[in-house]
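Peer 1: Have a look at this one before I ask anything.
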């Protein structure tokens, strides 16, 4: 089976590429320098011969997207459409990575895969459009939503928090945003398992089990770095007004992956304990 990873130089793309390579799969990694997803003819040529295309390419600057929604739409929706249409023309299956930002964050129970979407930010709107484009291109395509990602291959929340805590002696972190800290390596594993299980096309969620606030995750991060957890101070979102609204509740359910025979990722605490040393080493 030939895999092509688009957006392969990002934090998740690196882990998808590395995991597939470690399993002996034939994998071709395409970063932004190798493939511009806005160039439809180039995408069509690059995906020839693929069996599975994992699309990790995305505009992820959440706040910048508020003022540059057209740029975000180009990459997150138009680029995704180019990938999906080219893959369909070659008979390849697409696994497209999406986000919890397609939800408004007003729920108080985990969002199911079929829960109505209601994005409240430009980033969320553009990612929702990308989901639609990918699923419309072929019934075999999968959208895999994830959230609160951390990994060794790029900048991420725990590394930033540890750096700030060391430099300033403390850091303030919000307590009223709830989600699921998720290791990129676990998302890569979930993607591979869904394809191996020949899961039906549609939407799946790939986040850790359990839930936490950013404050709880920050305490775990500084503890893992050997710092005092009490150097993390709890505050509310009112203290950190951002251009783009953040979902207050980003917990995703995993029933559809269970139904496909793929067990969800374990509890975020256990996964962070396993990942921490590698992630913080960078």
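The values are calculated or read from the model by the stated rules, or taken from the named source; none is laboratory data. As the structure is a computational prediction, the values presented were derived from the model and not from experiment. Here the Cβ is made from the backbone with ideal geometry for all residues, glycine too, and neighbour counts use every protein chain on show.
Peer 1: May I ask you to list the residues in the range 149-171 that are in a loop (DSSP other than H, G, I, E, B) and either surrounded by 20 or more Cβ atoms within 10 Å (Cβ to Cβ) or in contact with a helix residue (DSSP H, G or I) (Cβ under 6 Å, 6 or more places away or on another chain) (or both)?
Peer 2: Within the range 149-171, 151, 152, 153, 154, 156, 170 meet the criteria.
Peer 1: One residue is enough: does the range 56-67 have a residue meeting the conditions farther than 29 Å from residue 180 by Cβ, modelled with pLDDT of 95 or more and out of contact with any strand residue (DSSP E or B) (no Cβ under 6 Å at 6 or more places or on another chain)?
Peer 2: no
Peer 1: So, in the range 232-282, of the ones that are closer than 23 Å to residue 62 by Cβ and free of Cβ contacts under 8 Å to residues at least 40 places away in the same chain, which residue ends up nearest to the chain's Cα centre (by Cα)?
Peer 2: Top of the filtered list is 241.
Peer 1: Would you call residue 218 in contact with a helix residue (DSSP H, G or I) (Cβ under 6 Å, 6 or more places away or on another chain), surrounded by 18 or more Cβ atoms within 10 Å (Cβ to Cβ) and in contact (Cβ under 8 Å) with a residue 60 or more places away in the chain?
Peer 2: yes
Peer 1: Given 43, 94, 62, which one is part of a strand (DSSP E or B) and either at positive phi or in contact with a helix residue (DSSP H, G or I) (Cβ under 7 Å, 6 or more places away or on another chain) (or both)?
Peer 2: Every option except 94 fails the conditions.
Peer 1: Mind checking which residues of the range 172-207 are part of a helix (DSSP H, G or I) and either crowded, with 20+ Cβ neighbours inside 10 Å or touching a residue at least 60 places away in the same chain (Cβ under 8 Å) (or both)?
Peer 2: 184, 185, 186, 187, 188, 189, 190, 191, 192, 193, 194, 195 - these are the residues of the range 172-207 that are part of a helix (DSSP H, G or I) and either crowded, with 20+ Cβ neighbours inside 10 Å or touching a residue at least 60 places away in the same chain (Cβ under 8 Å) (or both).
Peer 1: Related question: Are any residues in the range 19-40 under 18 Å from residue 194 (Cβ atoms) and either touching a helix residue (DSSP H, G or I) at 6+ places or on another chain (Cβ under 9 Å) or modelled with pLDDT under 95 (or both), and if so, which ones?
Peer 2: Correct list: 19, 20, 23, 25, 27.
Peer 1: Return yes or no: is residue 218 modelled with pLDDT of 95 or more, under 20 Å from the mean Cα position of the chain (by Cα) and closer than 30 Å to residue 137 by Cα?
Peer 2: It is false that residue 218 is modelled with pLDDT of 95 or more, under 20 Å from the mean Cα position of the chain (by Cα) and closer than 30 Å to residue 137 by Cα.
Peer 1: When the residues of the range 83-97 are filtered to those that are in contact (Cβ under 8 Å) with a residue 60 or more places away in the chain and under 28 Å from residue 68 (Cα atoms), which remaining residue is farthest from the chain's Cα centre (by Cα)?
Peer 2: That would be 83.
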